[in-house]
1. Would the range 132-143 turn up any residue that is under 15 Å from residue 101 (Cβ atoms), open to solvent by 20 Å² or more (accessible area, probe 1.4 Å) and outside any strand (DSSP E or B)?
2. Does residue 84 satisfy the condition of being at pLDDT 95 or above and part of a helix (DSSP H, G or I)?
3. Taking the options 101, 90, name whichever one is within 22 Å of residue 199 (Cα to Cα) and within 14 Å of the ligand (Cβ to nearest atom).
4. Can we say residue 257 is open to solvent by 30 Å² or more (accessible area, probe 1.4 Å) and over 19 Å from residue 20 (Cα atoms)?
5. From the list 62, 47, 35, 43, exactly one residue is among the charged types (D, E, K, R), open to solvent by 10 Å² or more (accessible area, probe 1.4 Å), more than 14 Å from the ligand (Cβ to nearest atom) and at pLDDT 95 or above. Which is it?
6. Just to be sure, is residue 224 surrounded by 17 or more Cβ atoms within 10 Å (Cβ to Cβ), touching a residue at least 24 places away in the same chain (Cβ under 8 Å) and polar (S, T, N, Q)?
7. Considering only residues of the range 104-128 that are within 16 Å of the ligand (Cβ to nearest atom) and surrounded by 21 or more Cβ atoms within 10 Å (Cβ to Cβ), which is farthest from residue 220 (Cα to Cα)?
8. Just checking, how many residues over the range 246-293 are in contact with a helix residue (DSSP H, G or I) (Cβ under 8 Å, 6 or more places away or on another chain) and either at negative phi or not in a loop (DSSP other than H, G, I, E, B) (or both)?
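The values are calculated or read from the model by the stated rules, or taken from the named source; none is laboratory data. Please read all numbers here as calculations on a predicted model, not as lab measurements. Every residue, glycine among them, receives a Cβ derived from its backbone with ideal geometry; neighbour counts consider all protein chains shown. Just the protein is used for accessible areas: all its heavy atoms, side chains included, with ligands, DNA and RNA removed. Shrake-Rupley method; radii C 1.70, N 1.55, O 1.52, S 1.80 Å.
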Amino acid sequence: MKAIIPVAGYGTRLKPHTERYQKTLLPLAGKPALDFILEPLFDSGIDELVFIVGHLKEQVIDHVKKYDCKFSFIEQKNRLGLGHAVLTGLKITDEPVLVQLGDTIFNLDYNEFCSSTDNVIGVDEVDDPSRFGIVELKDDKVINFFEKHPNPPSNLAISGLYYFNNEGKLKSAIEELIKRNIKTNNEYQITDALQLMVKQGENFSVFPTPNYYDVGVPEALLYSNRKLLISNHKEFPTSKIIEPVFIGDNCIIDNSIIGPYVTIMNNCDIYNSKIEDSIILHDSNITDMQILGKIAAKDGSEAC
Ligand code: UTP
């Protein structure tokens, strides 16, 4: 089955790092988010992946060369929203298609997710539903979709994984959305296209995805780092390492306290510093700093 992964966005909420790295390639727990996304997809037998690319597209194209899979890359020339991005990758066909956001990691069996005859939406309960796409259910079927509604009728948020049993029908719905110029927050949203589909009589079920990890904003990326981190148990004689900590290759750690919940990527030099609950990007040189709850790069002054 084909899967579409949109990764064209600017990732503004993870600036300044997303000025240098496409958001999907920012690391957590020792490797880029995209690797965490792709590995379970391949394990479930997905054999055709379409990336919707734009901002820093060469990085994505280059990164996935290490995988043996049929990839294609389609450019979204203007960032008009997720609905528009997905449309860029759709064809007129009755085949099913999976759509997964490029900033969300799922630990689940994709075969099970895609086993329904309905369309399927991954959902999770949230405390602040007005920030999300929300589904309203009746007898286990979706009867309405809401995108960033001030007062939605449920707290079941769309987590970023979608199975469509007919690619062509999704394509027609997003085309209609654009023709009618239906926008939320000035973007063509996939949720608004789903609302058109449900009103046309398409069936949607939900699939709970409690084990999903968002990497789209700093707090979520740090939370996902904490949850996915596996120590690689490196020792540095002049420093104290409080596990779990992942330390990449070719790093110097001197007179420092590192951890818990720290990822340090390759080629970093750290002197006289205390780092906790943080991600340090490749090639950083950090001296005499305290870094707590940050994603940091270079001399530590680039952080969010
Ligand atoms: P987001 O809206 O969360 O990502 O879209 P973004 O636009 O990169 O981030 P911010 O809002 O500026 O911080 C979720 C996914 O959809 C892709 C993004 O790359 C991300 O993987 N996307 C979004 C597109 O490919 N194109 C778009 O027009 C919008």
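1. So far as the range 132-143 goes, yes, one or more of its residues are under 15 Å from residue 101 (Cβ atoms), open to solvent by 20 Å² or more (accessible area, probe 1.4 Å) and outside any strand (DSSP E or B).
2. yes
3. Matching residue, one of 101, 90: 90.
4. Answer is yes for this residue.
5. None of the others qualify; the one that does is 62.
6. So residue 224 passes the test.
7. My answer is 121.
8. Number of matching residues: 4.
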